[in-house]
Structure formats: C-alpha cells, structure tokens
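Step one of this worksheet: look at the structure below.
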C-alpha cells in the first residue's frame, strides 16, 4: 500500500463507504443496511490501515486474511474492496443483480479478493480458526494474521462456541476476531431475543483475551489490533460496541433496518446526512 | 467394457473379510506420506474411524476437534482455504448428519477441496440402532452441487478411493462401513472416480450396486444363475458423478435394472440411477435398500435379512421382478 492515511482520511473513507452502501442498497432494492453501516470504521481500518493486502494481486501468498462471518453485511466489504482497487467502483451497482460477481451474500469463487463464502451464520470463526491453525502450526507463517468479523446476533449459533473452544485450546495467536456489538438482530434486541451478556466473561472463560472498544473510533480499532498482536499466548476477540445503522440518524439503533434497504426517498435523506447534498440518487453524482 | 478382476477367493469360505474403513486408514497414511498438504481432523472418533493410523504416522498433521461436527467441517474449510487438503473424519450419522449446511456453504459452494469421511454408515453399524445407522447421507450429499460422492465396495477400493480424492481438488464425500465385509476386488482391479465396472455380464437383468451391497449382488447373481437367470452385475462406487455410459449400456443390454444400497432408496443411489434412466432410457427398475423407514438394533446380518437386503432376498426380488415386468429396450 502507499502512504499511511491519516485518521481524518480514514474517517472520511469510512463515510465514503457508507455513501456507497446506501447507493448500492437503494439500487439493489434489498439487503442489510444497519450492519453494513455500523461496520464502516472497522472495515475501513482493516482494509486501509491494518491488513497487509495487495488489491492488484488478491492471491498474494503473504497477505493477511479477512473473513466476513456475518455475510449479510457484505455491502460494506464490497465498498471497501472497490475503494481499495480490487475492482471498479461502477460494479458496486450490480449488487444482488443477476450475473453479478457481487452476490447478496459473499461467494469466494465469484469475486477475487473474497476469502470465503458466508451468509448462514456461525461458521466464519471456525474457518478463520482453521486458517490460523494452518499458519501457526503447519506453515510457521508467524507474520500473517487472520481477521474475522462476526455479528453479535450470530453468537446465538452453537458453531461459534465450538470454534471458540477450538481456538482457545490451540491458542491461535494469529487469529483476531471482531464482534460487531450493535445489540440488534432481526427479531429485536439481542438481550431480548437471546441474551449474550456477560459476553466478555464468556469469551474469557473459553480462553480468549478480550478487548472492548468503541467500534466507531478508528484509533481505538487500530490500537486494539496492535494490542491483540502483542498477546502471543491466546486468541483475541475485540468486542466493538457499535450503533446499528451508524451515520444515518433515522436508522440508528433501530432493528427494523437490519434486513431492509432504503427506498429512493430514504436513500436521498440518508445521503444528505452523510454529506451528499443533492437530493436525487444519481450514480454519477454520488461517484458510484 | 472395463476389465475388472474379482477376488478369486470371493466365494470360498476363506475369503478375506475386512471393514471398508480399514482401507481408508491405510490409504490416508499412504497419501499422507507423498503429499504433505494432507491433514486430518477428527471429532473424537480417531481409532474407530481408522484415522488413528495417520495420527500415529503424522502427528503434526492431525487435529483433534472434539465432539463438534459443525466445527469439524468448517475448520476443515479454513484449512483448505490456507492451501491444505483436509480429511474431516467422523461417523456418517453426525457428519453429514448434523452439519449439512456447513458442508454445502463452506465447502461445496466455497469450492474447497475438503474430504468428508463418513464411517459407520448404513444399517450394518448394527446394535447401536437407528440413531447411529446413517441411511440418508447418500441423498444428502449427492444433491449438493460440486460434491463428489463415493461408496467403495471393499477395503481395497476404499484405499484407492482415499488416494484418488486426495488429489482431485474437489469437495468429496467418502462413505465407509464399520462391519467386516468380503474383499471383492484385488489390488489390480481398476478404480477411477466416476467409473462403474461390470463385474459379470448378463442378459436378463442388471444388478447395480454401490458399497458393500455389490457383494450381495454377486451372491444374488449366483443364485439366479442356478435358476437359469443370467444377471449382469455392475459395481458403481461413484454415486456422483454417475458413470451414465456404463449404466445406460448395461440397461440397454438387459432391459431391467435392480439397484442395491445400504441406505434410503429415496434420493439415494437407487434414486440417482432411476433419475438417469428416467431421463435417458426409461427402464423398469426395482430398488433394494431401506424403504422409507428407520433401522433398529440387531446384528448386521440379522438386519440385512430383516430388511430384505441379503443376496438371497435380492435374488428373490429379482426373480419376481423379472416375472412381473417386461424387458424393455433390449438390444442384442
């Protein structure tokens, strides 16, 4: 990658990715808005500061690995990938359309740069653990890291805790997990649907080092990853407290936006909040 | 026609009996020695699934997963993403019994060359009863696009199949059985993924079998020949992709097809053959196997008898079928 982006640049990039997400979902007329928006800072920090990747050579053998476990939030990943140069930004408009490489949920075989295929929840941590196990025990590639992003509602899945036990047992130190702790899932708040707390002690009891951060503070995200890398005898999970729908006032905190795309009017309003003053959704003007 | 050398001692009293799973254990050890990308994972069933042999030989490439079959196949997916060739080993009742969606999404759709090794499949697991007698796995696995499905006929074939799928670069399912069964082939018999083998030529009916049921078909063919019925026996270790050429040409020769499997006939091997014939050469077919019911506790051969799956029962089924159904599409 080129020169290091400043914090202000990164924050602006996160905002740009949110704009892309709104435009993509409006054009697709379906998709998951809340999680895609609230992951903007985490995905920005990973793609534009933390991860060693080469968008022009997605299969670069020395790359870090990004695994999106809650695949429904993939619009934010697609937006980051386009911004990073994996593909042209114009392609973002094809999201969820027939023949698109940008499937509604990510499919590795369709788009170079995607590391896995996900959507059905709860499997990403296991896949990341398998990859991290390989790096640590089978290849001795100590300099590579595996990042996995999970939703919090996803933690209802038993597969997650099977993986948590596995990673704890094998002390997978190159595995760094993020939990997008936005407190919502489809049927309501996570604590109503199926309480997750005390989340920190749950992970600690599985043998993980836990770091809790504000998931919208890019400096905190970067710092937490550096801390995680310094922990060399356990896997690390970063519980990132986020606001569902972050950045768009009328979407924030509202679980109704989990699996809904904005219509044209709502998208225009959202874009206005994100600093796009033109009220008409026009791909050229919104730079998509 | 493929040259297939049957075990010359097959019908002698001293025929060697060996569990099909044993061939897997040997095959995995062999391929582990020549390909260091091969790794094995097991869900707390290391010795009984025969993966213990690999663990002893290559301890650094063996990963104990514990009793967590969803984790078994998804960790395997991750290892494959990292360039390994993972063999994910458990009992069929639990894998794919419990983790079908993970197999579909993280292995088949994700196109990762994970090998799902399912031991103790079928009713021959015996006294453990219906919960542990996996009968639906052939159907479950063959409906997944991009999945190879193999049911070896004996331990020698299982050894060859294990080595063949290790380097095919594809998601693959290998179904194994617990009980000792006769060795039907020899070291020199051919095995190729996607190929079916005519073990015995005939004119009156094609007996098509997968897994250890092929042995029962050979027994049935001998009994039928005593009654003047000339049965062809086709061994079909690869359920997916089916060797449609061999199957269709056999059905053309005989005009009647009987399939046999140690699994539910609905959606299973018999279902696959019926679909093929229905599409390409409608032919009267009777399917031997589990008829939409669960198994139960019992000794393996007792259960085979109880569920009409022994060579004797199959011969009777074939004879009745021949009596009642006309012969179609016969081309001499």
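A short reminder: the numbers here are calculations on the coordinates, not readings from a lab. This structure is a prediction, so every number in the text was calculated from the model and none was measured. Note: ideal-geometry Cβ built from the backbone for every residue, glycine included; neighbour counts use all protein chains shown.
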Checklist entry - Which whole-number percentage describes the relative contact order of the range B:17-182, with Cα contacts under 8 Å and a sequence gap of 6 or more? => result 31 percent
Checklist entry - Which shape class applies to the range B:197-324: rounded if a/c is under 1.5, otherwise prolate when a/b exceeds b/c and oblate if not, where a ≥ b ≥ c are the square roots of the Cα gyration tensor eigenvalues? => result oblate
Checklist entry - If you line up the long axis of helix A:264-273 against the longest principal axis of chain A, both from Cα atoms, how many degrees apart are they, to the nearest 10? => result 70 degrees
Checklist entry - What is chain A's relative contact order, in percent, from Cα pairs under 8 angstrom and six or more apart in sequence? => result 23 percent
Checklist entry - Mean projection of the alpha-carbon convex hull of the protein assembly as shown over all orientations, in nm²? => result 29.6 nm²
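Ignore the peptide's own chain and count Cβ atoms of other chains within 10 Å of each Cβ in B:33-46; give me the average, rounded. Walk me through the intermediate numbers first.
Working: counts 0, 0, 0, 1, 2, 0, 5, 0, 2, 0, 1, 0, 0, 0.
Across the residues of B:33-46, the mean count of other-chain Cβ atoms within 10 Å is 1.
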Checklist entry - Assuming a viscosity of 0.890 mPa s and a temperature of 25 °C, what translational diffusion coefficient in µm² per second does Stokes-Einstein assign to the range A:7-273, Rh being the Kirkwood radius over Cα pairs? => result 134 µm²/s
Item to check | Principal axis dimensions, largest first and in whole angstrom, of the range B:43-134 by Cα | outcome: 40, 32, 17
Checklist entry - For the range B:7-59, how big is the tail of P(r) above 15 Å, as a whole percent of Cα pairs? => result 53 percent
Checklist outcome for this item: Honestly the range A:30-140 on the Cα gyration tensor test (a ≥ b ≥ c root eigenvalues; a/c under 1.5 rounded, otherwise a/b vs b/c for prolate or oblate) is just prolate
Next on the checklist: Inside 10 Å of the C-beta atoms of A:115-126, what's the mean count of C-beta atoms belonging to other chains?
Outcome noted: 6
Checklist entry - Which values of log₁₀ I(q)/I(0), to two decimal places, follow from the Debye formula for the range B:17-182 at q = 0.14, 0.16, 0.18 Å⁻¹ with a uniform point scatterer at every Cα? => result -0.59, -0.79, -1.04
Checklist outcome for this item: Per the 1/(1 + (r/R0)^6) rule, R0 = 45 Å and r from the Cβ atoms of residue A:186 and residue A:9, FRET efficiency to 0.05 is 0.80
Item to check | Residue among B:18, B:226, B:302 with the largest mean-square fluctuation in a Gaussian network model of chain B, springs linking Cα atoms under 10 Å | outcome: B:226
Item to check | Cα-based helix-to-principal-axis angle, B:155-166 vs chain B, degrees rounded to 10 | outcome: 50 degrees
Checklist entry - Among A:222, A:184, A:76, which one shows the biggest mean-square fluctuation in a GNM of chain A, springs joining Cα atoms closer than 10 Å? => result A:222
Item to check | Using alpha-carbon coordinates, inclination of helix B:213-226 to the longest axis of chain B, degrees | outcome: 20 degrees
Checklist entry - Top mean-square fluctuation among B:57, B:181, B:210, Gaussian network model of chain B, C-alpha springs under 10 Å? => result B:57
Checklist entry - For chain B, what is the calculated [θ] at 222 nm in deg cm²/dmol (nearest 500), taking -39500 (n - 2.57) for each run of four or more DSSP H residues and dividing by its residue count? => result -10000 deg cm²/dmol
Next on the checklist: If I take every Cα pair under 8 Å that is 6 or more residues apart in chain B, average their sequence separation and divide by the length, what percent do I get for the relative contact order?
Outcome noted: 19 percent
Checklist outcome for this item: Check: C-alpha center the range A:64-118 vs C-alpha center the range A:216-260, spacing in Å is 20 Å
Checklist entry - Is the range A:78-158 rounded, prolate or oblate when judged by the Cα gyration tensor, a ≥ b ≥ c being the square roots of its eigenvalues, rounded requiring a/c under 1.5 and prolate requiring a/b larger than b/c? => result oblate
Item to check | Burial ordering of A:105, B:120, A:258, A:143, fewest other beta-carbon atoms within 10 Å first | outcome: A:143, A:105, A:258, B:120
Checklist entry - With a 10 Å Cβ neighbour count serving as the proxy for reagent exposure, in which order, fewest first, do B:87, B:94 appear? => result B:94, B:87
Checklist outcome for this item: Here the whole-number average of other chain Cβ atoms within 10 Å per Cβ of A:132-144 is 3
